[in-house]
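The values are calculated or read from the model by the stated rules, or taken from the named source; none is laboratory data. Here the structure is a predicted model, which is why all the values come from computation and not from measurement. Counting neighbours? That spans all protein chains shown, and the Cβs are built from the backbone with ideal geometry, glycine included.
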Amino acid sequence: MNTVSPRIVYMGTPEFAVAPLKNLVENNFNIVGVVTVPDKPSGRGLKVNKSAVKTYVEENLADTPLMQPVSLKDEAFIEQLKSLNADIFIVVAFRMLPEVVWSMPKMGTFNLHGSLLPLYRGAAPINWAIIKGETKSGVTTFLIDHQIDTGNILMQRECPIQERETIGTLYDKLMAIGADLVVETVNGLIKGELVAKPQEGKITAAPKLNKELARIKWDMQDSDQPGCSSAILIDRLVRGLSPYPAATAAMGNQEKQYEFKIFECSIVKPDALENNNTPAGTIHSDSKTYIHVTCADGSVLSLDQIQMAGKKRMHAKEFLMGFRNIETFRFF
């Protein structure tokens with residue numbers, strides 16, 4: 001538990017940002033304000049979607065000022081922030097702050113990032129660590145400066161990436177580790193024990209995910225990792241996007257075409273192959289239990305859990321019970 005309670009303004013949006021806020025509250029830190037994104041209407045009924053952070057604040061910090069500025073440079077927002085007289089700003093999965101904001105508190109503004117910086121700077125660090133086949137990840141707290149994810153490091157914690165890790169499982173692990181690291185960082189700042197250090201080592205990017213990146217390419221290659229089979233790279237992509245937003249693929253023949261999301265797959269061992277000297281996207285199946293797809297380099301992937309557009313998620317066996325003549329189709 002903290003010995004001296006600084007005045008903290010907390011900024012964040014998704015579930016990943018809720019865990020550190022909850023940990024700060026449970027350790028009796030003085031949260032004097034929370035900033036999150038504006039509510040967004042969605043769907044035909046224009047249902048209002050609130051951020052996970054806003055939901056937590058409404059349920060647990062009802063008396064704490066909650067700010068949802070459209071612009072972080074809005075003068076009224078800036079004045080409200082100043083009036084809170086905060087000692088520290090903490091940022092977790094939020095937006096890039098203008099200098100007028102991050103330079104405001106006397107003890108600084110620090111961010112919690114889901115990687116071991118300078119590895120995987122950007123919007124999707126947890127996804128890309130899996131997609132690129134890393135064996136470890138972690139979280140970093142660092143002081144915000146003028147550029148994205150470049151500030152001096154305060155603290156880091158490592159986390160191993162298991163062989164069959166997915167974004168879902170790694171996200172949960174890093175969320176818990178990050179929640180503890182935020183509290184440790186605040187306590188370290190209070191006691192004057194932390195020395196911010198410049199980022200050193202290899203710099204890699206973690207760009208925002210989009211539909212093109214999520215699309216499976218059966219001839220997938222990685223210039224940074226020569227020798228990795230297409231099946232290995234696709235398997236990493238699937239795990240790095242499962243369960244959300246999920247890798248996508250299309251299957252068709254001369255008559256029909258179907259869109260899929262792929263949630264689970266596995267690499268087929270060579271001795272289990274009937275024939276892998278076939279074009280990329282060729283489907284091999286017994287029509288009962290398995291769906292194997294040939295990649296361009298001859299490696300083969302088993303699609304173990306899939307979802308056809310408009311249908312529920314299914315394991316291959318369940319899907320094949322209602323889908324006939326799958327070998328007349330191919331993925332492309």
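On inspection, K82 fails the criterion of being among the basic types (K, R), surrounded by fewer than 17 Cβ atoms within 10 Å (Cβ to Cβ), touching a residue at least 12 places away in the same chain (Cβ under 8 Å) and not in a helix (DSSP H, G or I). Against the criterion of being polar (S, T, N, Q), part of a strand (DSSP E or B) and touching a strand residue (DSSP E or B) at 6+ places or on another chain (Cβ under 9 Å), S115 does not qualify. Pairs meeting the criteria (first residue in segment 91-119 and in the same structural domain as K22 (by TED's automatic domain parsing) and closer than 18 Å to E79 by Cβ, second residue assigned to a helix (DSSP H, G or I) and not hydroxyl-bearing (S, T, Y), beta carbons under 7 Å, at least 6 apart or on different chains) are V100/I78; V101/L81; M104/L81; M104/K82; T109/W102.
Each residue in segment 43-78 was checked for being touching a strand residue (DSSP E or B) at 6+ places or on another chain (Cβ under 9 Å), assigned to a loop (DSSP other than H, G, I, E, B) and under 21 Å from M96 (Cβ atoms), and 4 pass. If the condition is being touching a Cys at 6+ places or on another chain (Cβ under 7 Å) and closer than 12 Å to I216 by Cβ, then segment 287-303 contributes L301, L303. Any chance segment 168-178 includes a residue that's of a type outside the set (V, I, T), in contact with a Leu (Cβ under 7 Å, 6 or more places away or on another chain) and closer than 25 Å to K106 by Cβ? Among the residues of segment 168-178, at least one is of a type outside the set (V, I, T), in contact with a Leu (Cβ under 7 Å, 6 or more places away or on another chain) and closer than 25 Å to K106 by Cβ, which makes the answer yes. Contact map, segment 315-332: first residue farther than 20 Å from T294 by Cβ, second residue in a loop (DSSP other than H, G, I, E, B) and at pLDDT 95 or above, Cβ cut-off under 6 Å, separation 6 or more or different chains; pairs are K317/T289.
Residue-wise test of (1) modelled with pLDDT of 95 or more; (2) under 22 Å from P245 (Cβ atoms).
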site	(1), (2)
K269	no, no
Y290	yes, no
D304	yes, yes
Q307	yes, yes
N325	no, no
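Note on segment 281-305: residues that are over 12 Å from A249 (Cβ atoms) and out of contact with any helix residue (DSSP H, G or I) (no Cβ under 8 Å at 6 or more places or on another chain) amount to 5. Entry remark, segment 100-158: residues being within 19 Å of L181 (Cα to Cα) and among the acidic types (D, E) number 2 in total. Among the residues of segment 223-246, just one is free of Cβ contacts under 8 Å to residues at least 60 places away in the same chain, surrounded by 15 or more Cβ atoms within 10 Å (Cβ to Cβ) and farther than 13 Å from I130 by Cα, namely P245.
Scanning segment 151-181 for residues that are out of contact with any strand residue (DSSP E or B) (no Cβ under 6 Å at 6 or more places or on another chain) and either crowded, with 16+ Cβ neighbours inside 10 Å or assigned to a helix (DSSP H, G or I) (or both) returns E165, T166, I167, G168, T169, L170, Y171, D172, M175, A176, A179, D180. Among all residue pairs at least 6 apart or on different chains, which show Cβ distances below 8 Å where the first residue, located in segment 50-77, is assigned by TED's automatic domain parsing to the domain that holds V37 and more than 21 Å from A19 (Cβ to Cβ) and the second is β-branched (V, I, T) and surrounded by fewer than 16 Cβ atoms within 10 Å (Cβ to Cβ)? Close Cβ pairs satisfying both conditions: K73/V100.
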